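**Student:** Submitted below is the structure of interest, expressed as structure tokens.
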């Protein structure tokens, strides 16, 4: 029985503000290698996306719309994966391989909402 | 206490971890396993009084606890579906039915220890879980040991257990490539338990015997389960050699006695012999780790007839090795004391300068206390007084505060 985890990729965006195609290709290659590695080690990537920079973000709280990310931090959420792993140890092993050169990643279990109240 | 009660208390102390660890495998859930293990101890009280104490109390308790877990799960299939079952990484190991045939209960205590000390848990949660699950202490006892309220400790333990289940922290001994790091976390927890008990960071007594005893029990258990691991041996040796001095660290009225003031004839020679043997057995086999080196330093002190006649050069060279494998500011501080003994207090002060502004020592009273001591020996009483005042403002243990206040009076009067 596998568990799903989110791998949230955080990092300092400043290096991306004037990134060229070379840097982009390099990142795509690194993520391609990561995806292959996870599959080769018996895990599964269920989904994942890269997010636009926080300068393109708009936040909404109630009716109030503001420019910028919900939380201002030096290391911003830049992308995520949803993966499947046997347990936290395997998920952490994948997380260590996930490219995050300008920061790091956070691993969170995906909540199973089908069986009633969570985590009780 | 009746004979049965005594046998039960003894079994709780010695067998709790074994009973619980073996029950977790059947229950698949820490809370259920704990409940069943507790039920087994309650059942033992009546049954043993009637039929006598079994030859192997641990096996008796484990069998009862495991049966109870199987019963609960059978009776309540819905509960089984709801329980966030612990991940058992080795399904190839025999299930309860097979074990009943062979009569062998697997020793899962290492799984339990490594789960409690998983790096995904905060250090304070690791410590609390280890005391609760491996040592079988009640939440109230643990709360007392760390001077926090019982609800605070209960919340800490509940949160940690929930994380183990929800994030699926596996119930297993880590693979070889992860073992050194993961074991280091386990040893750090045991050492932290010991030091918390040995120099209670707050309060009116210097030593909290309960924590010290539990840390020694844990170190012995780890040594029995991993007899070939050198750092496990090093940790046990370190605890034994340090604890050999326990009775001499304070006067009858609770005043702190420094190493140089302690009555060495009162040191526990049996503990020293055992610790020394462990060190001698470990040191020559390749590069020693931080616990082994600290044990070796403690062994040099244990063998010295007096403080002045200690082989300080040997101590210093061991600190040099320790600093290489564990570059901690606390090691730099302790090394400076050895430097002062070999090359004089001025050299010691110079060695201390390396960590004078280290933010990690900003609230550590021993830095200022050591500085004050070296200045006092150089006759710089004004500066010494200033350093003792700083140390006094940081120390929280009453015995240590009284000691520092006394030193401050001495240098101000001089």
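**Student:** Read through the list (1) within 14 Å of chain B (Cβ to nearest Cβ); (2) surrounded by fewer than 15 Cβ atoms within 10 Å (Cβ to Cβ), then give the number of the only condition that residue A:87 fails.
**Tutor:** With (1) within 14 Å of chain B (Cβ to nearest Cβ); (2) surrounded by fewer than 15 Cβ atoms within 10 Å (Cβ to Cβ) applied to residue A:87, the lone miss is (2).
**Student:** Taking the conditions exactly as written (surrounded by fewer than 16 Cβ atoms within 10 Å (Cβ to Cβ), at pLDDT 90 or above and assigned to a helix (DSSP H, G or I)), does residue B:273 satisfy them or not? Show your work before the answer.
**Tutor:** Values: surrounded by fewer than 16 Cβ atoms within 10 Å (Cβ to Cβ): yes; at pLDDT 90 or above: yes; assigned to a helix (DSSP H, G or I): yes.
Yes: the conditions hold for residue B:273.
**Student:** Please tell me if residue A:95 is in contact (Cβ under 8 Å) with a residue 12 or more places away in the chain, assigned to a helix (DSSP H, G or I) and surrounded by 13 or more Cβ atoms within 10 Å (Cβ to Cβ). Write out each step before concluding.
**Tutor:** On the way: in contact (Cβ under 8 Å) with a residue 12 or more places away in the chain: yes; assigned to a helix (DSSP H, G or I): yes; surrounded by 13 or more Cβ atoms within 10 Å (Cβ to Cβ): yes.
Taking the combined requirement at face value, the residue satisfies it.
**Student:** Follow-up question, since we're still on this one. Closer than 30 Å to residue B:176 by Cα and within 14 Å of chain B (Cβ to nearest Cβ): which single residue out of A:39, A:93 fits that description?
**Tutor:** Values: A:39 fails: within 14 Å of chain B (Cβ to nearest Cβ).
Selected residue: A:93, the only one of A:39, A:93 that is closer than 30 Å to residue B:176 by Cα and within 14 Å of chain B (Cβ to nearest Cβ).
**Student:** Report whether or not residue A:79 is more than 17 Å from residue A:3 (Cα to Cα), more than 14 Å from chain B (Cβ to nearest Cβ) and more than 12 Å from the chain's Cα centre (by Cα).
**Tutor:** Numbers: more than 17 Å from residue A:3 (Cα to Cα): yes; more than 14 Å from chain B (Cβ to nearest Cβ): yes; more than 12 Å from the chain's Cα centre (by Cα): no.
Taking the combined requirement at face value, the residue does not satisfy it.
**Student:** Something else: Taking the condition away from chain B (no Cβ under 14 Å), part of a loop (DSSP other than H, G, I, E, B), surrounded by 11 or more Cβ atoms within 10 Å (Cβ to Cβ) and in contact (Cβ under 8 Å) with a residue 24 or more places away in the chain, does residue A:69 pass?
**Tutor:** Working: away from chain B (no Cβ under 14 Å): yes; part of a loop (DSSP other than H, G, I, E, B): yes; surrounded by 11 or more Cβ atoms within 10 Å (Cβ to Cβ): yes; in contact (Cβ under 8 Å) with a residue 24 or more places away in the chain: no.
It is false that residue A:69 is away from chain B (no Cβ under 14 Å), part of a loop (DSSP other than H, G, I, E, B), surrounded by 11 or more Cβ atoms within 10 Å (Cβ to Cβ) and in contact (Cβ under 8 Å) with a residue 24 or more places away in the chain.
**Student:** Which of the following residues is buried (at least 20 other Cβ atoms within 10 Å of the Cβ), under 30 Å from residue B:174 (Cβ atoms) and modelled with pLDDT of 95 or more: B:27, B:37, B:44, B:69?
**Tutor:** On the way: B:27 fails: modelled with pLDDT of 95 or more; B:44 fails: under 30 Å from residue B:174 (Cβ atoms); B:69 fails: modelled with pLDDT of 95 or more.
The match here is B:37.
**Student:** Separate question: Return the residue satisfying two criteria in turn: it lies in region A:12-24 and is assigned to a helix (DSSP H, G or I) and under 18 Å from the mean Cα position of the chain (by Cα), and of such residues it is farthest from residue A:53 (Cα to Cα). Steps first, answer last, please.
**Tutor:** Residues of region A:12-24 that are assigned to a helix (DSSP H, G or I), as a first pass: A:13-16, A:21-24.
Checking the rest, the ones that are also under 18 Å from the mean Cα position of the chain (by Cα) come to A:13-16, A:24.
Working: A:13: 7, A:14: 9, A:15: 11, A:16: 8, A:24: 14 Å.
It comes out as A:24.
**Student:** I've got another one for you. Look through A:100, A:76, A:33 and report the one residue that is within 30 Å of residue B:174 (Cα to Cα), in contact with a strand residue (DSSP E or B) (Cβ under 9 Å, 6 or more places away or on another chain) and surrounded by 11 or more Cβ atoms within 10 Å (Cβ to Cβ).
**Tutor:** On the way: A:76 fails: within 30 Å of residue B:174 (Cα to Cα); A:33 fails: in contact with a strand residue (DSSP E or B) (Cβ under 9 Å, 6 or more places away or on another chain).
Testing whether each residue is within 30 Å of residue B:174 (Cα to Cα), in contact with a strand residue (DSSP E or B) (Cβ under 9 Å, 6 or more places away or on another chain) and surrounded by 11 or more Cβ atoms within 10 Å (Cβ to Cβ) leaves just A:100.
**Student:** All but one of (1) under 29 Å from residue B:28 (Cβ atoms); (2) more than 14 Å from every other protein chain (Cβ to nearest Cβ); (3) in a loop (DSSP other than H, G, I, E, B) hold for residue A:111; which doesn't?
**Tutor:** With (1) under 29 Å from residue B:28 (Cβ atoms); (2) more than 14 Å from every other protein chain (Cβ to nearest Cβ); (3) in a loop (DSSP other than H, G, I, E, B) applied to residue A:111, the lone miss is (2).
**Student:** May I pose another question? Have a look at A:19, A:30 and point out the one that is farther than 29 Å from residue B:166 by Cα, more than 14 Å from every other protein chain (Cβ to nearest Cβ) and in contact with a helix residue (DSSP H, G or I) (Cβ under 9 Å, 6 or more places away or on another chain).
**Tutor:** None of the other options fit; the residue is A:19.
**Student:** Let me ask another. Taking the options B:250, B:199, B:195, B:152, name whichever one is away from chain A (no Cβ under 14 Å), more than 30 Å from residue A:2 (Cα to Cα) and crowded, with 17+ Cβ neighbours inside 10 Å. Don't jump to the end; show me each part of the working.
**Tutor:** Details: B:199 fails: crowded, with 17+ Cβ neighbours inside 10 Å; B:195 fails: crowded, with 17+ Cβ neighbours inside 10 Å; B:152 fails: crowded, with 17+ Cβ neighbours inside 10 Å.
After ruling out the rest, the residue left standing is B:250.
**Student:** Would you call residue B:19 within 26 Å of the chain's Cα centre (by Cα), buried (at least 17 other Cβ atoms within 10 Å of the Cβ), free of Cβ contacts under 8 Å to residues at least 60 places away in the same chain and within 25 Å of residue B:168 (Cα to Cα)? Can you show your working first?
**Tutor:** Details: within 26 Å of the chain's Cα centre (by Cα): yes; buried (at least 17 other Cβ atoms within 10 Å of the Cβ): yes; free of Cβ contacts under 8 Å to residues at least 60 places away in the same chain: yes; within 25 Å of residue B:168 (Cα to Cα): yes.
Taking the combined requirement at face value, the residue satisfies it.
**Student:** Does residue A:49 satisfy being more than 14 Å from chain B (Cβ to nearest Cβ), loosely packed, with under 11 Cβ neighbours inside 10 Å and assigned to a helix (DSSP H, G or I)? Working first, answer last.
**Tutor:** On the way: more than 14 Å from chain B (Cβ to nearest Cβ): yes; loosely packed, with under 11 Cβ neighbours inside 10 Å: yes; assigned to a helix (DSSP H, G or I): no.
Criteria not met by residue A:49.
**Student:** Please find, within region A:98-108, the residue that is farthest from residue B:167 (Cα to Cα) out of those that are assigned to a strand (DSSP E or B) and away from every other protein chain (no Cβ under 14 Å). Working first, answer last.
**Tutor:** Initially, region A:98-108 is screened for residues assigned to a strand (DSSP E or B), giving A:103-108.
Now narrow it down to the ones that are away from every other protein chain (no Cβ under 14 Å): A:103-104.
Details: A:103: 22, A:104: 19 Å.
Here the answer is A:103.
**Student:** Return yes when residue B:49 is at pLDDT 95 or above, away from chain A (no Cβ under 14 Å) and either farther than 23 Å from residue B:114 by Cβ or assigned to a helix (DSSP H, G or I) (or both) and no when it is not.
**Tutor:** Working: at pLDDT 95 or above: no; away from chain A (no Cβ under 14 Å): yes; either farther than 23 Å from residue B:114 by Cβ or assigned to a helix (DSSP H, G or I) (or both): yes.
Criteria not met by residue B:49.
**Student:** All but one of (1) at pLDDT 90 or above; (2) surrounded by 22 or more Cβ atoms within 10 Å (Cβ to Cβ); (3) away from chain A (no Cβ under 14 Å); (4) more than 30 Å from residue B:305 (Cβ to Cβ) hold for residue B:171; which doesn't?
**Tutor:** Residue B:171 satisfies every listed condition except (3).
The values are calculated or read from the model by the stated rules, or taken from the named source; none is laboratory data. Because the structure is a prediction, the values reported are computed rather than measured. Every residue, glycine among them, receives a Cβ derived from its backbone with ideal geometry; neighbour counts consider all protein chains shown.
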